[in-house]
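Laboratory data are not the source of any read-out in this text; all were calculated from the coordinates shown. These numbers come from a predicted model, not from an experiment. In this analysis, Cβ positions are derived from the backbone assuming ideal geometry, glycine residues included, and neighbour counts consider all displayed protein chains.
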Amino acid sequence: MVASLCRGVAYDYPEPRKCALGGRAKLARTSTRAKVSLPARTRHRPGSTGKGDRVLMQRLETLIIGGGQAGLTMSHRLSQRGCPHLVLERGRIAERWRSERWHGLRFQFPNWSVKLPDFPFPHSDADEFATSAEIVDFLEGYAAHVKCPVRCGTGVTALRRDDSGEAYLALTSAGSIAARNVVIATGPYQRPLVPDLLENPDLAQLHANAYKAPEQLPTGAVLIVGSGASGAQIAEELVRAGRKVYLSVGRHKRMPRRYRGHDLIWWLTEMGLDQTPVERRGADTTLPLITGAYGGHTIDFRAFAKQGISLLGRLQGGRGSTLEFADDLGQSLAYGDAAYHAFLDGVDAHIKQKGMELALEPAARMGLPDPPCLTAPIRQLDIRRAQLGSLIWATGYTFDFSWIDLPVLNVKGYPRHERGVAPLPGLYFLGLPWLTKMNSSFLSGVGDDAAQLANHIETAMRTSP
């Protein structure tokens, strides 16, 4: 057996066997110290003198970059087809879930809906919402279950064509790897977005990916900029911890957590919305706003205000100790309300069309009165008078594929692909939002995309000379 070590846990997988495509699989043979001994030749490390600086050149059929849900699922799908491969992970399995999530986070999907191919999420309460630690355990368990050949602690610093032009060359801290196929499965949450709006040394600032718990922050009030899933959950956590919280709200599409007896995720499946193809996505890329915190509930920012959270418009900038906000809070809430009611209308129409016998829920359409922070918006906030101690940027992420030295990125640095297949032979992307359909980046949806890419790789390898 071959073992790969991640966080001190050994994952065993079978020795290389006859591949369904013909020939012997060239899997990485890894010792308990995770050092690879593959058919190799000596190469000089880029930029070195070559004196006493020798590394192994490994040759693979398929390399998967990323050891999160997408990379592990891709490994599973290739193993099912007998296709040899290796997974590289820069840190540990599910690294972002470990190091870039706060302690109190709750997953947005109910336990019953969390699954990967042939591996449902173990739980004691189907309608509860998992912690980040439970998701880490789940992904580790999946890696062991599918016997994933993963090597942790090996980040890819560059990806380019090799000298022959017949394979891709991945440069890593442990040497170079040549592969005929490469699947980039690094996920959508790569580089935190922090707007260049403020420069104030008196205000501690951090992105949501660095936030861990209320006690981590300096004393004083907290301003959260961004009202997506992270911003909303963190705001609730902080106000429950006794902090004064200001929340800068942008345009959003809030959804009901539950409606007429079923969870939102159940309705997405029942109505086929989770299978909406990318071609029908539309121009509005705003993500649905839901939460699994505190048992899971529908987000209504008017209810946040009732808890004591001061709502603000979009942060526009600052002058000295004064922060300035746009007069658009009412518009943002109206946009969220419209999305919410449109979804309720869609569910009601579906129930009527299908003849489903489900009780009406008129309370779901009852709104709270507008709070004072909406009727008399706060346009300026003095940091000292408000006793602000910290600012959390819950402003999302963007891609960072700067390490890819290949003509597969557009002018914005976004990957060019057709349903995950890049315009260069043997190069693929997986785990991106709306790769092929709405649920492409869901835990429950990545398996379908991985299967399609695995089929593409299998066919290409079978027909290649």
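Find the Rg to Rh ratio for segment 326-385, where Rh is the Kirkwood radius over alpha-carbon pairs and Rg uses the same atoms. All intermediate terms of the calculation are to be shown ahead of the outcome.
Values: Rg = 17.6 Å, Rh = 14.5 Å.
Using only Cα positions, Rg/Rh for segment 326-385 is 1.21.
Residue-wise, which Karplus ³J(HN,Hα) couplings in Hz belong to segment 414-428, taking 6.51 cos²θ - 1.76 cosθ + 1.60, θ = phi - 60°, and x for glycine or proline? Couplings: 8, x, 9, 7, 10, 6, x, 9, 6, x, 9, x, x, 10, 9 Hz. May I ask which of Lys147/Lys354; Lys354/Lys437; Lys115/Lys352; Lys253/Lys354; Lys244/Lys437; Lys147/Lys437 have a Cα-Cα span longer than 32 Å here? Beyond 32 Å between Cα atoms: Lys147/Lys354; Lys244/Lys437. Look at where the Cα atoms of segment 202-228 and of segment 319-381 average out, and the two centres are 25 Å apart. Farthest toward the positive end of the dipole of segment 193-396, out of Phe325, Pro277, Val239, is the Cα of Val239, where the dipole comes from beta carbon charges about the Cα centre.
A cut-off of 5 Å between modelled amide H atoms, ignoring neighbours fewer than 5 places along the same chain, links Ile64 with Leu86, Val87, Leu88, Val183.
Here's how it looks for Leu105: its modeled amide H is under 5 Å from those of Ser132, which are all 5 or more places away or on a different chain. Report note on the peptides 117-125, 447-455: ranked by the mean count of other C-beta atoms within 10 Å, highest first, their order is 447-455, 117-125. Taken about its Cα centre, segment 193-396 carries a charge dipole of about 260 debye when Lys and Arg each add +1 at the Cβ and Asp and Glu each add -1 at the Cβ. Computed over segment 193-396, the Cα gyration tensor eigenvalues convert (square root of 5λ each) into semi-axes of 34, 17, 16 Å, ordered from largest to smallest. Close amide H pairs (under 5 Å, H built 1.01 Å from N) link Leu116 with Phe121, residues at least 5 positions away or on another chain.
How about segment 95-203: which GluC sites (Glu not before Pro) there are in a DSSP loop, with at most 13 other Cβ atoms within 10 Å of their Cβ?
The qualifying sites are Glu166, Glu199.
When a/c reaches 1.5 or more, the comparison of a/b and b/c decides; with that in mind, is segment 287-343 rounded, prolate or oblate per its Cα gyration tensor?
Since a/c reaches 1.5 and a/b is larger than b/c, the shape of segment 287-343 is classed as prolate.
Rounded to the nearest 20, the Cβ-based charge dipole of the chain about its Cα centre (Lys and Arg +1, Asp and Glu -1) stands at 1560 debye.
To the nearest 20 debye, what is the magnitude of the charge dipole of segment 318-379 about its Cα centre, counting +1 on the Cβ of each Lys and Arg and -1 on the Cβ of each Asp and Glu? Working shown, then result.
Details: 5 positive and 9 negative charges, 14 e Å.
Dipole magnitude for segment 318-379 comes out near 60 debye.
Along the axis of the charge dipole computed for segment 115-185 (Cβ charges of +1 for Lys and Arg, -1 for Asp and Glu, origin at the Cα centre), the listed residues Thr157, Pro122, Ser132 are led at the positive end by Thr157. Candidates Ser444, Ile351, Trp267 compared by Cα position along the dipole of the chain: farthest toward the positive end lies Ser444, with charges placed on Cβ.
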